[in-house]
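The structure under discussion appears below in the form of structure tokens.
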Amino acid sequence: MTTMTTDLDTLTDVARQLRVDSVRASGAAGSGHPTSSLSAADLAVVLAARHFRYDFAAPDNPNNDHLIFSKGHASPLLYALYKAVGAIDDDELLTFRKAGSRLEGHPAPVLPWVDVATGSLGQGLPIAVGLALCGKRLDRLGYRVWVLCGDGEMAEGSMWEAFEHAAHENLDNLTAIIDVNRLGQTGETMHGWDVEAYAARARACGWHAITVDGHDMRAIDDAYRAATTSGRPTVIVARTVKGKGVAEVENATGKHGKPLPDTDAAVAELGGYRDVRISAERPDVDAAPHVFATEEAELPTWRVGDEVATREAYGEALAALGRRRGDIVALDGEVSNSTKSELFAKAVPERYLEMYIAEQQMFATAIALQVRGWRPFVSTFAAFTARAFDFTRMAAISRANFCVTGSHAGVAIGEDGPSQMGLEDIAAFRAVHGSTVIYPCDANQTAALLARLIDRDGIRYLRTNRGKTPVIYPADEEFRIGHARVLRASDADDVTIVAAGVTVHEALAAAERLTEDGIAARVIDCYSVKPIDVETLTAAAGAAGGRVLTVEDHFPEGGLGEAVLTALAGVDAHVRQLAVREMPGSATPEEQLRFQGIDAAGIATAARDLVATR
């Protein structure tokens with residue numbers, strides 16, 4: 001092993017090593033993206049050796065810079081870089097893509113030096129924007145954020161949400177590097193080698209843009225130095241050659257995502273195996289993240305019988321929690337007066353981030369903030385969470401921890417019509433690995449559950465209603481995630497009605513109607529949709545002769561009804577689902593519930609039929 005200086009002339013040899021190790025790792029795995037790694041090796045080595053400030057022995061140092069591979073498929077290059085700085089050894093490098101290895105096909109935070117999972121293109125830059133924003137507004141530290149992007153992913157709309165937001169926030173601690181190697185998976189990218197096309201677009205967004213030969217070490221170094229003094233976010237648009245250094249694959253189509261045909265020959269062509277080290281410079285400061293002042297604040301409470309929208313309760317509770325906890329941050333997509341996160345913004349404006357109508361950037365920022373230990377709460381309409389679902393999916397791979405609140409859920413929003421109705425949101429968030437899905441029915445329950453969600457791991461989803469509903473729980477009632485609440489029961493129940501959110505109130509009204517027919521209905525508020533209370537549901541099904549009726553303001557696919565069916569798998573029960581089955585239009589909330597058969601009258605009718613047929 002040889003330790004080299006960071007002189008630009010000697011770094012050429014390290015770049016060759018990065019190329020060799022990228023080829024070797026992919027060859028050992030029999031898969032991977034070596035050609036995408038070869039194009040960016042010079043960009044990576046100059047950054048790591050001369051500009052990146054990072055203590056690899058202390059990845060939790062808050063002053064460390066951040067490096068994100070937005071083009072996550074170039075992971076062989078990232079792992080080769082980790083070897084060059086001494087973070088991993090050669091034996092581990094050659095476990096790339098093997099079962100049990102930390103070196104997965106695309107980077108993930110199973111490695112302590114990786115902040116977030118990448119590989120779904122178009123996500124690394126938005127998350128980098130969130131990290132840079134965190135450094136400026138929350139941590140208030142001098143770390144820089146560097147992100148390596150591919151030219152193919154520049155076609156993604158999320159990248160341009162990121163460009164817009166970074167310029168708006170004047171994030172001069174952010175540098176994006178675009179590896180313009182011209183070739184995507186199936187052919188040439190949209191702009192090929194036209195580096196000025198990318199630079200012009202970035203400048204139009206307000207960025208400092210530099211074009212450079214991506215294989216000229218001195219030019220790369222000059223560009224990185226200029227990036228740190230621009231006063232604006234900087235993008236370095238680097239013209240490179242895909243497969244650089246190996247004649248058989250250089251600038252050749254059809255080679256993407258494949259190991260090189262002859263690994264040994266490619267290694268020889270690149271100058272042979274070498275084992276050299278570079279020393280990444282550690283941060284030269286020892287500063288602590290900013291700590292926000294807090295105060296005593298009680299959760300809001302309401303009297304039984306009050307009419308309160310759960311979105312209003314969410315806003316008031318979040319504001320109270322924000323006053324007493326300095327690590328909570330609220331983000332909204334320009335609908336804060338509807339979601340009621342505006343109440344947080346008024347209470348603790350320094351920790352409120354307006355993300356505008358850019359849901360992908362909003363979710364990316366939440367992912368970034370939790371990397372640094374903040375507790376983000378994202379708010380928007382339930383329907384609009386769908387736009388950022390890929391970020392949510394990838395966040396789970398990142399083992400991310402943040403809370404999403406979707407307001408204006410279901411047909412109960414009324415006249416706005418189906419474009420504004422979240423009707424797939426429960427299904428989407430239930431499908432996310434390790435997620436929690438909560439759907440409260442009244443204000444006191446909303447506030448109590450929100451407080452429990454703060455420190456829970458994973459992606460948490462809280463569904464709130466637009467319209468007012470009566471408070472049915474006393475202010476001192478306790479609720480636990482993973483439980484349900486039996487609101488009405490007897491020793492001779494004929495049917496169990498399982499509801500959540502707005503339909504809890506309709507179910508209670510239906511149960512009153514059923515008593516007139518001599519039918520005893522048990523009513524369960526299944527506020528915790530995931531994890532679900534299997535024990536309570538199983539007991540209720542047994543006590544009601546196996547007759548279970550679920551009712552939800554959501555499409556039937558993937559919602560509450562299917563969650564209950566899963567919970568009752570193996571139980572002798574007949575489950576009937578009431579849900580939104582017809583495409584809604586505009587109508588009053590009461591009409592919407594009636595048209596879908598999920599109001600009190602519809603529930604009562606379905607319960608009578610269920611009792612009569614079983």
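Pairs are defined by a Cβ separation below 9 Å, a sequence spacing of at least 6 or placement on different chains, a first member in the stretch 327-339 that is assigned by TED's automatic domain parsing to the domain that holds TRP374 and at pLDDT 95 or above, and a second member that is part of a loop (DSSP other than H, G, I, E, B) and basic (Lys, Arg); the pairs so defined are SER338/ARG466.
Across the stretch 198-221, the number of residues qualifying as small (Gly, Ala, Ser), farther than 21 Å from GLU169 by Cβ and surrounded by fewer than 16 Cβ atoms within 10 Å (Cβ to Cβ) comes to 1. Considering the stretch 376-403, and only residues there that are charged (D, E, K, R) and assigned to a helix (DSSP H, G or I), the residue that is surrounded by the most Cβ atoms within 10 Å (Cβ to Cβ) turns out to be ARG387.
Of all residues in the stretch 453-498, which are of a type in the set (A, V, I, L, M), assigned to a loop (DSSP other than H, G, I, E, B) and within 30 Å of TRP374 (Cα to Cα)? Of everything in the stretch 453-498, those that are of a type in the set (A, V, I, L, M), assigned to a loop (DSSP other than H, G, I, E, B) and within 30 Å of TRP374 (Cα to Cα) turn out to be ILE454, ALA475, ILE481, ALA484. Of the set (1) out of contact with any Ser or Thr (no Cβ under 7 Å at 6 or more places or on another chain); (2) of a type in the set (A, V, I, L, M); (3) in a loop (DSSP other than H, G, I, E, B), all apply to VAL249 but (1).
Just one of the listed residues (ALA202, ALA176) is touching a residue at least 12 places away in the same chain (Cβ under 8 Å), under 28 Å from ALA388 (Cβ atoms) and in contact with a Leu (Cβ under 7 Å, 6 or more places away or on another chain), and it is ALA176.
Going through GLY406, GLY322, GLY373 one at a time, which residue ends up being part of a strand (DSSP E or B) and among the small types (Gly, Ala, Ser)? Of the residues listed, the single one that is part of a strand (DSSP E or B) and among the small types (Gly, Ala, Ser) is GLY406. The combined condition, being out of contact with any Leu (no Cβ under 7 Å at 6 or more places or on another chain), farther than 22 Å from GLU591 by Cβ and of a type in the set (A, V, I, L, M, F, W, C), is fulfilled by ALA431. Taking the criterion of being part of a helix (DSSP H, G or I) and farther than 21 Å from ASN401 by Cβ, the residues of the stretch 325-361 that qualify are SER336, ASN337, SER338, GLU342, LEU343, ALA345, LYS346, ALA347, PRO349, GLU350. Among all residues of the stretch 406-421, there is at least one that is crowded, with 18+ Cβ neighbours inside 10 Å and either of a type in the set (Ser, Thr, Tyr) or over 24 Å from GLU312 (Cβ atoms) (or both).
Between GLU298, GLU316, the distinction of being charged (D, E, K, R), more than 14 Å from HIS408 (Cα to Cα) and outside the structural domain of ARG466 (by TED's automatic domain parsing) belongs to GLU298 only. Tell me, please, whether a residue that is in a helix (DSSP H, G or I), assigned by TED's automatic domain parsing to the domain that holds PHE52 and either at pLDDT below 95 or buried (at least 24 other Cβ atoms within 10 Å of the Cβ) (or both) can be found in the stretch 166-174. Within the stretch 166-174 (the criterion being in a helix (DSSP H, G or I), assigned by TED's automatic domain parsing to the domain that holds PHE52 and either at pLDDT below 95 or buried (at least 24 other Cβ atoms within 10 Å of the Cβ) (or both)), the answer is yes, since at least one residue qualifies. Whether a residue is out of contact with any Ser or Thr (no Cβ under 6 Å at 6 or more places or on another chain), crowded, with 24+ Cβ neighbours inside 10 Å, more than 19 Å from ALA358 (Cα to Cα) and not aliphatic (A, V, I, L, M) was assessed, and GLY192 does not pass this test. Go through ARG463, ARG522 for me and flag whichever is over 36 Å from the mean Cα position of the chain (by Cα), surrounded by 15 or more Cβ atoms within 10 Å (Cβ to Cβ) and at pLDDT 95 or above. Residue meeting the stated conditions: ARG522. When residues in the stretch 54-78 are screened for being under 24 Å from the mean Cα position of the chain (by Cα) and either part of a strand (DSSP E or B) or not polar (S, T, N, Q) (or both), 13 of them pass. Within the set PRO233, PRO289, PRO283, the sole residue that is touching a residue at least 60 places away in the same chain (Cβ under 8 Å), under 29 Å from the mean Cα position of the chain (by Cα) and buried (at least 21 other Cβ atoms within 10 Å of the Cβ) turns out to be PRO233.
Inspection of the stretch 33-41 finds no residue satisfying the criterion of being touching a residue at least 60 places away in the same chain (Cβ under 8 Å), over 24 Å from LEU8 (Cα atoms), touching a Leu at 6+ places or on another chain (Cβ under 9 Å) and of a type in the set (Ser, Thr, Tyr). Looking for whichever is among the charged types (D, E, K, R) and free of Cβ contacts under 8 Å to residues at least 12 places away in the same chain here; the options are GLU250, GLU269. Which one fits? Exactly one of GLU250, GLU269 is among the charged types (D, E, K, R) and free of Cβ contacts under 8 Å to residues at least 12 places away in the same chain, namely GLU250.
Among the conditions (1) out of contact with any Ser or Thr (no Cβ under 9 Å at 6 or more places or on another chain); (2) surrounded by fewer than 24 Cβ atoms within 10 Å (Cβ to Cβ); (3) of a type in the set (A, V, I, L, M); (4) touching a residue at least 12 places away in the same chain (Cβ under 8 Å), VAL85 misses just one, which is (1).
Suppose the filter is over 21 Å from GLU359 (Cβ atoms), in contact with a strand residue (DSSP E or B) (Cβ under 9 Å, 6 or more places away or on another chain), in contact (Cβ under 8 Å) with a residue 12 or more places away in the chain and basic (Lys, Arg); does ARG137 pass it? It is false that ARG137 is over 21 Å from GLU359 (Cβ atoms), in contact with a strand residue (DSSP E or B) (Cβ under 9 Å, 6 or more places away or on another chain), in contact (Cβ under 8 Å) with a residue 12 or more places away in the chain and basic (Lys, Arg).
Remark: pairs (first residue in the stretch 563-583, over 16 Å from THR536 (Cβ atoms); second residue of a type in the set (S, T, N, Q) and assigned to a strand (DSSP E or B); Cβ separation under 9 Å; 6+ apart in sequence or on different chains) = ARG576/THR550; GLN577/THR550; LEU578/THR550; ALA579/THR550.
The values are calculated or read from the model by the stated rules, or taken from the named source; none is laboratory data. The shown structure was predicted, so the numbers you read here are calculated from the model rather than taken from an experiment. Cβ atoms come from the backbone with ideal geometry, glycine included; neighbour counts cover every protein chain shown.
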